[in-house]
Amino acid sequence: MSEPLLEVRGLKTWFDTAGGPIRAVEGVDLSIARGETFALLGESGCGKSMTALSIMRLLPAAGRVVAGEVRLGARNLLALPEMAMRGVRGRQLAMIFQEPQSSLNPVLSVGTQIAETLRRRGKGSHERRVLDLLDAVGIPDPPRRAREYPHQLSGGMKQRVMIAIALAGEPELLIADEPTTALDVTIQAQVLALLRDLQRRTGMALLLITHDLGVVAEMADRVAVMYAGHVVEQAPATAFFAQPAHPYSRKLFASLPNLGKRATRLAVIRGSVPSLAHEFKACRFEARCDYAWSACRETLPRWLEHEPGRRVRCHLYDPAQAGESLTDRDFVGDTGKPMAGTEPIPVRGSLLQVDNLKVHFPIHAGLFKRVVGHVRAVDGVSLAIPPGRTLALVGESGCGKTTVGKGILQLLRPSAGSVQYAGEELTRLGGRALRRRRKELQIIFQDPYSSMNPRMMIGDILEEGMIAQRIGRTRAARLERVAALLAQVGLDADVMRRYPHEFSGGQRQRICIARALAVDPKLIICDEPTSALDVSVQAQILNLLQELQQRLGLSYLFITHNLAVVEYLAHEVAVMYLGRVVEQGTVEEVLHAPRHPYTRALLSAVPTVDPQSKREIIRLAGDLPSPANPPAGCHFHPRCPQAMPQCREGYPGATHFSTTHSARCYLYGDGAYAQDAENGAYAATEKTERHVIRSR
Amino acid sequence: MIAYIIRRTLYAVPILIGVNLLTFFLFFVVNSPDDMARMHLGMKRVTPAAVEQWKHAHGYDQPLLWNAAAGGAAKLTDTIFYAKSVRLFMFDFGRSDEGRDIGYDIRQRMWPSLAIAIPTLLIGLLVNITFAMLIAFFRGTAFDLAAVVLCVMMMSVSTLFYIIGGQFLIGKIFDLVPISGYLPGIEAWKFLILPVAVGIVSGIGMGTRWYRTIFLEELGKDYIRTARAKGLSERLVLFRHALRNALVPILTGIVAVLPLLFMGSLLLESFFGIPGLGSYTIDAINSQDFAIVRAMVFLGSALYIIGLLLTDISYTVVDPRVRLR
């Protein structure tokens, strides 16, 4: 390798708190060559963002670099005066952040914010260059966009603007801190492709910070894995994905859900990340490692170059630690253990039957706020969930999937359609009758941090629903049940007297699950229950949900954008686009023989951890249109790579490929009868559906 | 935008009717015309005949809401409510119990009030923002801590202290300006400069501390980190990025009180003997002249509603994200 562009040596960053320093970064060594993509991989709190902010010297006020050096060429950035550092930022080093929403100044126009970086290089008009930059990051109509403000742009567009700002200084190294985590998969694919393309054109290096193994596989030349403040493994990407060396890296792979692991338990990393408030004398992964032995508890593992170009910090690879070596042991653990009683529950009838559900929100305008239109958040969705099965509702943000969940629960009153639970029409229930039915249908929300009342103790949170539904006559009986529920989700009974803020994200989600179970529901709507969690914690929650389904015969409506989770957990899938289901069927049918172009694009956009799979990414142009003003005809046609003239005419009807698999696309049916009349669309196509049995 | 303003103006109508009814109830039902007459006449001269005479002279001898004795439309119009309250909607304030034209008084006395209120507001805003930015720049240091402690001390001390202290120090010891009083015309500045200075100083504690909080909140936001990552100087980060955003809550907070400046300052005007609307109100309260008090309460409500509307409009000017529909 030639002279490195950036070299980090022994970097230590501490955070001062009232209880002493938190050692967020404890001796990180990295070197990044010109033009390469270096991925820094790790779960939340491992110190990867703090490493990046230390390099940029943009740490928050409480943080400080206590040791180490950051060399950019001949200069040690940590020793530069602030004035000189400003010359480095934005010119040699640029950075983009996770939340494009909040990272742009809301009161300055996009053009101004890009020009700011240019203005440092000299006075005069930079208009031409601003437009060039916007064009380079693939923003259509740059002259108009340059005058707009950030709130007028979609999330993907904002991240493109962030990239344009970073590019303006023609940096040698771009630090991208979780650049696509806040974006949808199809938009993520666009942004990743853009970064790769820009890198090829400008020759800049990329330090990519991410928790997503798929993104790393897609992008990186080399990988470093961080755990609890230091790098535990560093390797070329191909070698890393072929065989990760450190036990922690292996666990990360094992905890990824996918089809192959269906009906088996996902690997979990037991325990939790150790507190970073003290200094480590031994391996920091030791307490959670399946291979740890005495040496791991006594000495700090050193950097070992176990293969050329690969380094790992683990005693397993240390010949000095005699008697133990990796070859003697197999990677076991509880990975891949089959679940108890995995035979599918026989399907009889459906527990929940949703027909032509519509949830429209009125748009008011004018002097007297008359209704001038509707946002068709959900526009004719039909679903059925049999008892004991899981239906996954998949789609990108803004497609209406959460609104479907709320419409089913009558948390939002549907504008039209029917929701039948066990034969009873929920849309006609009100008041007391509806409240009694709430016992049967529960919901778990995406964010376990904000979905519990911070001033209530866990015991009270769990008991509240029981009191409302008159479960358990006495307080003693209820508390006994609370303890049993907590045991069921793997928590001790003594957490009852504690408050939500005392728990980690995964523990909180367990409490939320216990809260839902408290009233003995038959159906749980899981609204993105794992998307706020790290992969290893996600594995624990998915295991728990699987187990509960087996044990209690629960049905799930699993609302998610994560297709790997769908593959692992769901029986059936419905794919939503702009308020309508475009394709539905069993998991095998939809994920392995997708018919609708949108499903195909969605599947192709998901980064996979197998770098060998050179699949073609179907790139969708543009963003999700507004549901207030959906495109005429098939809502997907402006972005569809296979759009035909007739797609502009009307919304296609359902074409059935098997008794379970159907899609709404003109590619498979002539759709001549599927006139998209305002309300009659679904009814009309029901009559004219053609059964095309899929042949392999 | 136009539709929004019209709609909001229409909303104001029921609010003003409600305010009017409430003040009428407070002033005439709780405190009946007979009571008013007795208070004005004083304890010695109270005879039933004198009360009747006073009531007749001031127009309080009509029924409150419904004149059964009168005919036709006069059943409604020959009442105290019609005579004293309904006319407020036309901003016709009538005559005070002393017989003076209230509308004329208000037009005369608003100018001295504004002459104090506007400089106090503008210079105070400039001073507070400057101090707040200075403290925010040194955030987390001993200077920050000392400044916050000083602010809390300054806001804990009563305004009366600043008034009397100012009069004593500037007026008496240094003999720079008159202690109180007022002259119309160009000479007025001599009498205005001290109350304005006192008004600014007494507001520094509260204002600076509040603006400091706003600045610190903005400085902690992600877009500030982006601005730093661009390599911008601290000056640009503070002025172009933080200040622009911090001004949104500051300016809109100011706009809400802008119309109320007409009402003048009760304390400053009465202590410095400025013939503004503040001292007008205080004098009316002292002399139990309810016609004036009622007029000022109604005027205050109307101005407050205008203030809230202006606030919403000012949001669209300073914040590109807000559009009124």
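The values are calculated or read from the model by the stated rules, or taken from the named source; none is laboratory data. Just so it is clear, the model here is predicted, and its values are computed rather than measured. Every residue, glycine as well, gets a Cβ built from its backbone with ideal geometry; the counts of neighbours run over all protein chains shown. In case anyone asks, the SASA skips ligands and DNA or RNA and just uses the protein heavy atoms, side chains included. Shrake-Rupley method; radii C 1.70, N 1.55, O 1.52, S 1.80 Å.
Using a Gaussian network model of chain B in which every pair of alpha carbons under 10 angstrom is joined by a spring, one finds that among B:L21, B:L192, B:L261 the greatest mean-square fluctuation is at B:L21. Averaging the sequence gap over all C-alpha pairs within less than 8 Å and six or more residues apart, then dividing by the number of residues, gives chain B a relative contact order of 22 percent.
Charge dipole of region B:2-90 (Cα centre as origin; +1 on each Lys and Arg Cβ, -1 on each Asp and Glu Cβ, all else neutral): 260 debye, rounded to the nearest 20.
Compute the normalised compactness of region A:44-127: alpha-carbon radius of gyration over 2.2 N^0.38 Å, N being the residue count. Could you put the intermediate results ahead of the total?
Details: Rg = 15.0 Å, N = 84, 2.2 N^0.38 = 11.8 Å.
My calculation over the Cα atoms of region A:44-127 gives 1.27.
For A:G373, the residues whose modelled amide H falls within less than 5 Å of its own, excluding neighbours fewer than 5 places apart on the same chain, are A:I363.
How many percent of DSSP beta bridges within the protein assembly as shown run antiparallel, rounded to 5? Could you put the intermediate results ahead of the total?
On the way: 61 of 100 bridges.
In the protein assembly as shown, DSSP labels about 60 percent of beta bridges as antiparallel.
In the calculated pair-distance distribution of region B:258-322, the portion above 18 angstrom amounts to 48 percent of the Cα-Cα pairs. Rounded to whole numbers, the Karplus 3J(HN,Hα) couplings from phi for region A:5-22 are 6, 10, 10, 10, 10, x, 5, 10, 10, 10, 10, 7, 10, 4, x, x, x, 9 Hz, using 6.51 cos²θ - 1.76 cosθ + 1.60 with θ = phi - 60°, and x at Gly and Pro.
Full extension of the segment from A:S531 to A:R432, taken as 0.36 nm per residue of separation minus the current Cα-Cα distance, would add 32.3 nm.
A:G10: net charge of surrounding residues, Cβ under 12 Å, Lys/Arg +1, Asp/Glu -1, itself excluded? Could the numbers behind the result be given before it?
Values: positive: A:R9, A:K12, A:R71; negative: A:E7, A:E26, A:D29, A:E69.
After counting each charged neighbour, the total is -1.
Over region B:2-90, calculate the relative contact order: mean separation of alpha carbon pairs under 8 Å at least 6 apart, over the residue count, as a percent.
The normalised contact order for region B:2-90 reaches 19 percent.
What do you get for Rg/Rh of region B:2-90 when both radii come from the Cα atoms and Rh is the Kirkwood radius? Please list the in-between numbers first.
Details: Rg = 16.9 Å, Rh = 15.0 Å.
Rg divided by Rh gives 1.13.
So what's region A:352-570 giving for Rg/Rh, alpha carbon basis, Kirkwood Rh from the mean inverse pair distance?
Numbers: Rg = 18.1 Å, Rh = 18.3 Å.
In region A:352-570, Rg relative to Rh is 0.99.
Taking the Cβ of A:G111 as the centre, find all other residues whose Cβ is under 15 Å away and add up their charges (Lys, Arg: +1; Asp, Glu: -1). Provide the component values of the computation, followed by the final result.
Values: positive: A:R119, A:R128, A:R129, A:R144, A:R145, A:R147, A:K158, A:R160, B:K230, B:R240; negative: A:E116, A:E127, A:D132, A:D135, A:D141, A:E148.
Counting the neighbours of A:G111, the net charge comes to +4.
Of all aspartates and glutamates in the structure, the ones whose alpha carbon falls short of 13 Å from that of A:K358, not counting any fewer than 8 places away in one chain, are A:D379, A:E678.
Taking a sphere under 10 Å around the Cβ of A:V232 and counting the other residues whose Cβ falls inside, with K and R at +1 and D and E at -1, yields a net charge of +2. List the aspartates and glutamates whose Cα sits under 17 Å from the Cα of A:K522, skipping any in the same chain fewer than 8 residues away. List returned: A:E424, A:E425, A:E440, A:E547. Can you tell me the 0 to 90 degree angle between the C-alpha axis of helix B:48-58 and the longest principal axis of chain B, rounded to 10? Approximately 60 degrees, to the nearest ten. Annotation: amide H of A:L207 within the under-5 Å range of A:F38, A:L174, A:I175, A:A176, sequence separation 5 or more or interchain, hydrogens built in the peptide plane. Diffusion coefficient of region A:244-321 by Stokes-Einstein, Kirkwood radius over Cα pairs, 37 °C, 0.692 mPa s: 234 µm²/s. Its alpha carbons considered, chain A gives a radius of gyration followed by a Dmax of 26.9, 83 Å. Name the residue farthest towards the positive end of the dipole of the protein assembly as shown from the options B:L303, A:I163, A:P4, assuming +1 on Cβ of Lys and Arg, -1 on Cβ of Asp and Glu, about the Cα centre. Of the listed residues, the answer is B:L303. Solvent-accessible area of chain B (1.4 angstrom probe, protein heavy atoms only): carbon and sulfur portion equals 70 percent.
Charged side chains reduced to their Cβ positions (Lys and Arg at +1, Asp and Glu at -1) give region A:413-527 a dipole of some 500 debye around its Cα centre. GNM on chain B, alpha-carbon springs under 10 angstrom: the most fluctuating residue among B:N286, B:N245, B:N20 is B:N286. Sequence-ordered 3J(HN,Hα) estimates for region B:276-293 from the Karplus curve with 6.51, -1.76 and 1.60 and θ = phi - 60° stand at x, 6, x, 5, 4, 4, 4, 4, 5, 5, 4, 8, 6, 8, 5, 4, 5, 4 Hz, glycine and proline given as x.
In the structure shown, the pairs A:K158/A:K261; A:K261/A:K401; A:K401/A:K439 are assessed against 29 Å; a Cα-Cα span above that value is assigned to A:K158/A:K261. Think of region A:244-321 as a dipole: +1 on every Lys or Arg Cβ, -1 on every Asp or Glu Cβ, centred on the Cα centre; then among A:G309, A:T264, A:T299, A:T264 lies furthest on the positive end.
Quick one: dipole size for chain B, taken about the Cα centre, charges +1 on Lys/Arg Cβ and -1 on Asp/Glu Cβ, in debye to the nearest 20. Could you put the intermediate results ahead of the total?
Values: 29 positive and 22 negative charges, 237 e Å.
My answer is approximately 1140 debye.
The stretch between A:I363 and A:T17, if pulled fully straight at 0.36 nm per residue, gains 119.7 nm over its current Cα-Cα span.
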